[in-house]
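Note sheet for the following structure.
The values are calculated or read from the model by the stated rules, or taken from the named source; none is laboratory data. Keep in mind that what you see is a predicted model, and the values were worked out from it rather than measured. Virtual Cβ from ideal backbone geometry, glycine too; neighbours counted across all protein chains shown.
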Ligand SMILES: [Zn+2]
């Protein structure tokens, strides 16, 4: 089969490799679409510690089951599935507490030790594959993974109906969070986005107001929940100051590992501010799938660029260029 292979950091080739064969508890998926996100850039550049090279990248994907190991009970050939890429050992202290996303040996398909979906086929544990209805456009299935990260983020804030929200960043994740929140029942959703070209879609999909800085968005007493979906330190520092008394700040964006932000410890004490983090997916994949099928996310608006396997470098370039929203690789192109 044809596959994108990262042989070592920054060494990428598109070549023929052996088709995957399923182990007893695995299925082989013929890939329909695979999204690109910031994690792929870290894998490409050798910045993600658990990555074992060579590796086929790609962890946000969907496709059709074309083969199954003899122990597989939950799926059959012909099923259309989205795949939760999370891999964990199930036996460490965090796993035994149910925190599988914090596993001491956590990694993911296409990210850590297992080949991913920027290929014609990929073998995955059957337990990680979730069946989708066949009457939705197939490319949409690759949005379940990022959506399940957003669902986990909302789990972490333990919000209430009619809370007010301020979101930093109107990229793919900011807009997914915004659409989810709108569906869940918010009194107000405001968005800060430095790129005015993104304002119109943010308004259409999720936001009551969008502005380049939060100074233009007045909300008496601050917002109940402030979410950073940028990972950028000035946005994080600004957002921490906009949380209402008793409110919550969600650190959703991925900051650089060595980044430092300043905040007022007195305010966190005096105003009882909660600062919470959210990493990847936890018990949220199936719920994300249900919401996607229900139409909570405007999938058509979210997928803005698609490339064939041969054009993987162009897909990376398009992602880094920051234009549009979700960039996908589609082996059939
Ligand atoms: Zn573990």
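Figures for the structure shown
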{"read-out": "Verdict on residue 19 being assigned by TED's automatic domain parsing to the domain that holds residue 118 and away from the ligand (no atom under 16 Å from the Cβ)", "value": "yes"}
{"read-out": "Test for residue 146: is it away from the ligand (no atom under 16 Å from the Cβ) and in a loop (DSSP other than H, G, I, E, B)", "value": "no"}
{"read-out": "Residue, surrounded by the fewest Cβ atoms within 10 Å (Cβ to Cβ), within segment 161-176, restricted to residues that are in contact with a strand residue (DSSP E or B) (Cβ under 9 Å, 6 or more places away or on another chain), touching a residue at least 60 places away in the same chain (Cβ under 8 Å) and not in a loop (DSSP other than H, G, I, E, B)", "value": "164"}
{"read-out": "Check on residue 85, buried (at least 18 other Cβ atoms within 10 Å of the Cβ), away from the ligand (no atom under 16 Å from the Cβ) and closer than 24 Å to residue 293 by Cβ", "value": "no"}
{"read-out": "Options 123, 142, 170; residue that is at pLDDT 95 or above and in the same structural domain as residue 307 (by TED's automatic domain parsing)", "value": "123"}
{"read-out": "Selection count, segment 97-126, where residues are in a loop (DSSP other than H, G, I, E, B) and under 25 Å from residue 68 (Cα atoms)", "value": "10"}
{"read-out": "Flag for residue 301 being touching a residue at least 12 places away in the same chain (Cβ under 8 Å), in a helix (DSSP H, G or I) and either surrounded by 14 or more Cβ atoms within 10 Å (Cβ to Cβ) or out of contact with any strand residue (DSSP E or B) (no Cβ under 9 Å at 6 or more places or on another chain) (or both)", "value": "yes"}
{"read-out": "Breaking point among (1) away from the ligand (no atom under 16 Å from the Cβ); (2) under 20 Å from residue 284 (Cβ atoms); (3) surrounded by 14 or more Cβ atoms within 10 Å (Cβ to Cβ), for residue 74", "value": "(3)"}
{"read-out": "All strands (runs of 3 or more DSSP E) inside segment 177-236 with 3 or more residues being crowded, with 18+ Cβ neighbours inside 10 Å and not assigned by TED's automatic domain parsing to the domain that holds residue 321", "value": "188-192, 223-228"}
{"read-out": "Odd one out for residue 49 among (1) within 16 Å of the ligand (Cβ to nearest atom); (2) part of a loop (DSSP other than H, G, I, E, B); (3) farther than 16 Å from residue 114 by Cα", "value": "(3)"}
{"read-out": "Criterion: assigned to a loop (DSSP other than H, G, I, E, B) and surrounded by 22 or more Cβ atoms within 10 Å (Cβ to Cβ) - qualifying residue of 63, 58", "value": "58"}
{"read-out": "Filtered residues of segment 6-27 (kept if outside any strand (DSSP E or B), closer than 24 Å to residue 81 by Cα and in contact with a helix residue (DSSP H, G or I) (Cβ under 8 Å, 6 or more places away or on another chain))", "value": "25"}
{"read-out": "Subset of segment 88-118 [near the ligand (Cβ under 8 Å from one of its atoms) and on the phi > 0 side of the Ramachandran plot]", "value": "90"}
{"read-out": "The listed residue being surrounded by 22 or more Cβ atoms within 10 Å (Cβ to Cβ) and farther than 21 Å from residue 190 by Cβ, out of 333, 289, 282", "value": "289"}
